[in-house]
1. Being surrounded by fewer than 24 Cβ atoms within 10 Å (Cβ to Cβ), under 14 Å from the mean Cα position of the chain (by Cα), among the β-branched types (Val, Ile, Thr) and modelled with pLDDT under 95 narrows it down to one residue among A:247, A:241; which is it?
2. Within segment A:141-230, which helices (runs of 4 or more DSSP H) (wholly inside it) include 3 or more residues that are aromatic (Phe, Trp, Tyr) and at pLDDT 95 or above?
3. Within the group A:150, A:121, A:157, which residue is away from chain B (no Cβ under 13 Å), touching a strand residue (DSSP E or B) at 6+ places or on another chain (Cβ under 7 Å) and of a type in the set (Ser, Thr, Tyr)?
4. Identify, by number, the condition in (1) within 24 Å of residue B:177 (Cβ to Cβ); (2) away from chain A (no Cβ under 14 Å); (3) of a type in the set (A, V, I, L, M); (4) in a helix (DSSP H, G or I) that residue B:103 doesn't meet.
5. Pick from B:436, B:487, B:445, B:415: which is surrounded by 19 or more Cβ atoms within 10 Å (Cβ to Cβ), within 26 Å of residue B:236 (Cβ to Cβ) and either at pLDDT below 95 or in contact with a helix residue (DSSP H, G or I) (Cβ under 7 Å, 6 or more places away or on another chain) (or both)?
6. Given (1) out of contact with any strand residue (DSSP E or B) (no Cβ under 9 Å at 6 or more places or on another chain); (2) buried (at least 19 other Cβ atoms within 10 Å of the Cβ); (3) among the aromatic types (Phe, Trp, Tyr), where does residue B:20 come up short, assuming only one miss?
7. Test residue A:108 against the criterion of being in a helix (DSSP H, G or I), away from chain B (no Cβ under 14 Å), touching a residue at least 12 places away in the same chain (Cβ under 8 Å) and surrounded by fewer than 18 Cβ atoms within 10 Å (Cβ to Cβ), and give yes or no.
8. Hey, can you tell me all the residues within segment A:142-186 that are of a type in the set (D, E, K, R), buried (at least 19 other Cβ atoms within 10 Å of the Cβ) and touching a residue at least 60 places away in the same chain (Cβ under 8 Å)?
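The values are calculated or read from the model by the stated rules, or taken from the named source; none is laboratory data. Only a predicted model underlies this, so the values are computations on that prediction, with no experimental measurement involved. Ideal geometry is used to build each Cβ from the backbone, glycine not excepted, and the neighbour counts take in all protein chains shown.
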Amino acid sequence: MDFLTIIQILDSTVRLATPLLLACLAGLFSERSGVFDIGLEGKMLAAAFLSAAVAAVTGNAWLGLCAGIFASVLMALLHGLASITFRGDQLISGVAINFLAAGLTVVIGQSWFALGGRTPSLIGGGRFPDITLPFADALAEVPVIGQIYSELISGHSILVYVAMAAVPLTWWVLYRTRFGLRLRAVGENPGAVDTAGISVVRLRYTAVIICGVLCGIAGSYLSTGLAAGFVKDMTAGRGFIALAALIFAKWRPWQALGACLLFGLLEAIGNRYQNIDILGATLPVQFMQALPYMLTVVILPGFVGKAIPPRAGGEAYVKER
Amino acid sequence: MGRQETAAPAIELRGISKAFGPVQANKDISIKVAKGTIHGIIGENGAGKSTLMSILYGFYKADSGEILINGIPTAIPDSQAAISAGIGMVFQHFKLVENFTVLENIVLGAEDGSLLKPSLAKARKLLKQLSEEYELRVDPDARIENLSVGHQQRVEILKALYRKADILILDEPTGVLTPDEADHLFRILKGLKDEGKTIILITHKLREIMEVTDTVSVMRRGEMTATVKTSETSPEDLAERMVGRKVLLRVDKKPANPGRNVLEIKNLRVVDDKGVERVKGIDLTVRAGEIVGIAGVAGNGQSELLEVLGGYAKATGSVKLNGVELDLTGKHSDGKSRREKGIAHVPEDRHSEGLILDFQAWENVAFGYQDDPRYNRNAILMDNAAILKDTQEKMERFDVRPPNPRLAAKSFSGGNQQKIVLAREIERNPDLLLVGQPTRGVDIGAIEFIHQQIVALRDQGKAILLVSVELEEILGLADRIAVMFDGHIMGERLPHQTNEKELGLLMAGVNEGAA
């Protein structure tokens, strides 16, 4: 395997990790506030569809992104309504959102475009173009460092950089701001937040909306950055892999980046080498696809230690009595 | 004094009423608390004390009535409003974020700006000042989960003081403290009072009321039945007002007449799921016709001891019942085998271990004894009618109110729930009865009855192992006292040859006799 191949695999890792990372950070905000969210998948799917649809009609990727965020936030609010206001079961609400998105995207897509649930292929301004960073072309000839810069760091769509920037930003918000303190507190002990005179409901809704926005960007990236248009079920379980990454990262932002890059790498390798021969045995491609889940289940308890979720996670807040 | 009484009271409640569904928790309550005093509110569980204070703190909204702070009518729709009105509250179950530091907990909700750094710096400075002023020393960078409950409580008080509270409400503050820690708390409260703060102390412990309060109000069944000066009342008088009839405060029993050894424990060790050794090699004997009380602050290995004897935790060492070795690790170490051998168990936490709250009383009575031939028609069908009848009789003998076997366990009051568990276990005529916290969350009237039942069982020649965090209960009920600290038995004492102070030191791990 030569150096250029490695660079190409890593380049593809970054692209594939981006939607995972955005969804993972989305889940981080929601779950840190105490609202468990297995509806990341559904929110991404809804965003992927609506952003592609709007981008296809208007020819403008930015309008598509706005539409994607809108769709995802709408779903997030639905989850908030069910789990915060009506104190329903957060898992059931999440599952419902996944089903809703899977069904609606195809039905609406068919009635709008009559392409069997797809949107038209995006061309020109309908997609987010790859950005060439300054001096990337000039440095391309410099060995190693220049190649890394021009091939790996440069040449991604804007949303990839947004996702990467979201990691330190999330860390900063979580650990350095008043909002972050309150957010972490409400996921651990909403009673403490309530008696401190802060509204638990408002705090959790804010978190759920942030989750919706980030999922919206993740979904839009799938259909207008990574691919060129929406295809049925195009999220392909990424929402669940993002959840696995979240657990792997123990609900912390930098670790989330690490986990998402790892899972992105596995996917990149799986895409490049369909069947891998190791020591005379052939690993089928399905093995690579299943690896993120296996890692979560096997490695997590064994090597990473117990992942303790936010203590008040999954429960609606009710004043005792 | 004279000057204070003419000033407007710090708190005045006028005609506060609050209902939860059909339950009237507070009925037309009016009360005045003078500035710079400690006011006690005493009453049985469910008398409405906590509800009243939660209304004052904006946690619940009153159905009707008025709140005046310093003579000014004040609406308190939420906790934020209570905090701005200068009210701070220390809840019975602390409202702290366990994995936050002390400083973060104090700042939460009272931050100065959208960035944390300046708030934390300011809090650190103020905290140092406050902790020196009021004997409230606590490490600002310690995580809450690593602090003792006594220190956690200090954090709660500091939280209120940081928010500039002039009125401090404490709900059952001593329930989790050692006598020494409780004394320290009372010193703090007196110091705060001298600074001109007004303190409301909610408790069901008469001793505390007599010790620290200036005035005391008694609540019964949602109503305020009396407000008196503490100096003009007595524990007996208060107990009578709480319960509505004369109550015997001490346990009435004859000297014990112990016989043969029923339970012999040698070098018992218990390691919990996290690999922490909770019981570190204890020796203990309980004889027939004797109550051995285990005193200690919660979490020093008493629970694990009960779990091993009750058959739901593994251990090493040796435990003999009537001279026969018990299986501590194998397949005969479960609760069923223990019961067959003659051990009955009234667990410490009746909600999670003693009862299934959503099940009806008669179903709960059958638990653990579901294989009893009297409860079964044949190998498959249970004889529900027989269980119902048995439950009915038990409920009458143990004065469970209401005596309705078809009522869900959660519908009974704490005292009546405990009587159901006690009836189930005692009436099996065990050789050894394990009792954990028999009167936790139980009202005074029921405490008297429960204690009588335990003494009656002892007088039948049964061995009883009692675990309680209430020293008064241990001193009153036990014939011999063993104190546990950090998984060890610190020493054994006879109740008439010791006192709360000596036991309190042992509970804190100080053994003066051994030194």
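1. Testing whether each residue is surrounded by fewer than 24 Cβ atoms within 10 Å (Cβ to Cβ), under 14 Å from the mean Cα position of the chain (by Cα), among the β-branched types (Val, Ile, Thr) and modelled with pLDDT under 95 leaves just A:247.
2. Qualifying helices (runs of 4 or more DSSP H): A:158-176.
3. A:157
4. Result: residue B:103 passes all but (2).
5. On the way: B:436 fails: within 26 Å of residue B:236 (Cβ to Cβ); B:487 fails: within 26 Å of residue B:236 (Cβ to Cβ); B:445 fails: surrounded by 19 or more Cβ atoms within 10 Å (Cβ to Cβ).
Residue meeting the stated conditions: B:415.
6. Evaluating residue B:20 over (1) out of contact with any strand residue (DSSP E or B) (no Cβ under 9 Å at 6 or more places or on another chain); (2) buried (at least 19 other Cβ atoms within 10 Å of the Cβ); (3) among the aromatic types (Phe, Trp, Tyr) leaves (2) as the failure.
7. Spelling it out, residue A:108 is indeed in a helix (DSSP H, G or I), away from chain B (no Cβ under 14 Å), touching a residue at least 12 places away in the same chain (Cβ under 8 Å) and surrounded by fewer than 18 Cβ atoms within 10 Å (Cβ to Cβ).
8. A:184
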